[in-house]
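Scroll down for the structure; my scribbles are underneath it.
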Amino acid sequence: MKLLRTVSILGLVAFPLLGYAQVAVKNLRMWRAPDHTRLVFDLSRPITHRLFSLSDPHRIVIDMENAVLRSELPKVDAKQDAILRGVRSGRPDGKTLRIVLDLHKEVRPKTFVLKPNKRYGHRLVIDLYPKAKRRPKLIPKPPHKTHGTLIVAVDAGHGGDDFGAVGHRGTVEKEAVLKIARYLKGYINAEPGMRAVMIRNGDYYISLYKRTTKARRHHADLFVSIHADYFPKRGVRGASVYALSQRGATSSQAKILADKENAADLFGGVRLSDKDDDLARLLLDLAMTQTISDSLEFGNDMLRTLKRSGPIHLPNVEQAGFAVLKTPDMPSILVETAFISNPKDEKRLRSATEQRHIAHSIFRGIKRYAVKGKIKKIMVAKKPKKKIKKRVGKKGKQRQHIVKRGDTLSEIAVQYGITLKALRKANGITGHIVRIGKRLRIPAGRKGG
């Protein structure tokens, strides 16, 4: 048995007055995601814990100070879980509760604590990632498409610890929207020239930022996030469509909804420090303005098809600061399919027939926008990979450049021997974006141009 050198001690210090009271570990919940396994311990109050790794065989040990286990640990299906073989508990001394995670292979553990929210109390979260698997880059470069397939990112909202809204009959949003998303995937994949990418295809949580990252990694052309709304007044019903806004919400209801959806990471178990860092970098994108315009057009087409298939709550596409819609290079919308708080809408969300009907309506909205042929790619400015020879036009003729995939403003300026400032001024460009197919005027250079 080999004790690894790295030992992490993480946790919260309990309040002095409660220092000698035992912490109740109420239960353990587990979720299997495609890239990791998550364990969540529900606690009666903050806890101090110590985590370390052992090998021969591989296992993770969590020592919880002054804690007691109040329920049986769940059994692990070792054949279904590629990381975890089993979970057991013990007491190395009178005050310490020890939890041992038996593993199939070496892992990279990530542990943190979460404060109470409206649904849960104090929690200790442990994520187990395969050791050899590298974490994706912050904003991975999408691969070039070599075919004409329209790729649609289908995002079923919530998942895992984040249940979303719950209806009066017990209908859970995360389950209903996943079923709709799977039906939508079927309709998309059955259509020639279209392919669906499921952002979440099981009961596990994906952070808001990672949802958009996955869509970009698969080079999606469109992003559709599927949800079910909730309102205290049970009479409110119908579908709504939302797009991103960087200038504030278009209505108070849109702002309330955006705040609720953006808080999903707090339920799903994302450290605020990670979330703030991810979103801060994501907001540095330079192509958002045009994408929002395209998203609004996409949303209007979606709303027109939804109006033909069922009740509508809001007659226009509303806008707010939805974190999950902050994709810099694809039109993105959020569809609230129905109000899970309304008895009639909840009945629709529980019915497989109605779930298929809703999914097909969303599919028709996607087709309505796609047939216009307006799906465009926006290339964010980047450093040129190689030096390019300068091109000089003939005297007396206005030089032009038609933007191709991979072009950037800085690269084009170098190509024609002019300054980036002069290129922007000649074309009335104030930012750093350049659209494929745009015809740029090339001003005279300093020499020979």
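The values are calculated or read from the model by the stated rules, or taken from the named source; none is laboratory data. Note that the coordinates shown come from a computational prediction; the quantities given were computed from them, not determined experimentally. Cβ: placed from backbone, ideal geometry, glycine included. Neighbour counts: every protein chain shown.
Is it true that residue 37 is among the hydroxyl-bearing types (Ser, Thr, Tyr) and at pLDDT 90 or above? Explain how you work it out, then say what you get.
Working: among the hydroxyl-bearing types (Ser, Thr, Tyr): yes; at pLDDT 90 or above: no.
No: the conditions fail for residue 37.
Which condition from (1) at pLDDT below 90; (2) exposed (fewer than 12 other Cβ atoms within 10 Å of the Cβ); (3) assigned by TED's automatic domain parsing to the domain that holds residue 220 is the one that residue 79 breaks?
For residue 79, the failing item is (3).
Is it the case that residue 48 is buried (at least 17 other Cβ atoms within 10 Å of the Cβ) and under 24 Å from residue 131 (Cβ atoms)?
no
Inspect all residues belonging to region 382-401 and state whether any of them is farther than 30 Å from residue 187 by Cβ, under 26 Å from the mean Cα position of the chain (by Cα) and at pLDDT below 90.
yes
Every residue in region 90-109 that is surrounded by 15 or more Cβ atoms within 10 Å (Cβ to Cβ) and at pLDDT below 90, please.
Scanning region 90-109 gives no hits.
For region 173-272, list the helices (runs of 4 or more DSSP H) that sit wholly inside it and hold at least 3 residues that are at pLDDT 85 or above; which are they? Lay out the reasoning, then the answer.
Details: elements: 173-190, 208-217, 252-262, 264-268.
Answer list for region 173-272: 173-190, 208-217.
In this structure, is residue 54 outside the structural domain of residue 158 (by TED's automatic domain parsing), over 20 Å from residue 25 (Cα atoms), surrounded by 13 or more Cβ atoms within 10 Å (Cβ to Cβ) and more than 29 Å from the chain's Cα centre (by Cα)? Steps first, answer last, please.
On the way: outside the structural domain of residue 158 (by TED's automatic domain parsing): yes; over 20 Å from residue 25 (Cα atoms): yes; surrounded by 13 or more Cβ atoms within 10 Å (Cβ to Cβ): yes; more than 29 Å from the chain's Cα centre (by Cα): yes.
Spelling it out, residue 54 is indeed outside the structural domain of residue 158 (by TED's automatic domain parsing), over 20 Å from residue 25 (Cα atoms), surrounded by 13 or more Cβ atoms within 10 Å (Cβ to Cβ) and more than 29 Å from the chain's Cα centre (by Cα).
A quick yes/no check of all residues on (1) farther than 22 Å from residue 166 by Cβ; (2) of a type in the set (Ser, Thr, Tyr); (3) modelled with pLDDT of 85 or more:
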{"residue": "303", "(1), (2), (3)": "yes, no, yes"}
{"residue": "316", "(1), (2), (3)": "yes, no, yes"}
{"residue": "322", "(1), (2), (3)": "no, no, no"}
{"residue": "325", "(1), (2), (3)": "yes, no, no"}
{"residue": "336", "(1), (2), (3)": "no, no, yes"}
{"residue": "349", "(1), (2), (3)": "no, no, yes"}
{"residue": "364", "(1), (2), (3)": "yes, no, yes"}
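Out of region 331-362, which residues are hydroxyl-bearing (Ser, Thr, Tyr) and either within 22 Å of the chain's Cα centre (by Cα) or not in a loop (DSSP other than H, G, I, E, B) (or both)? Break it down into steps so the answer makes sense when it comes.
Filtering region 331-362 for residues hydroxyl-bearing (Ser, Thr, Tyr) gives 332, 337, 341, 351, 353, 361.
332, 337, 353, 361 - these are the residues of region 331-362 that are hydroxyl-bearing (Ser, Thr, Tyr) and either within 22 Å of the chain's Cα centre (by Cα) or not in a loop (DSSP other than H, G, I, E, B) (or both).
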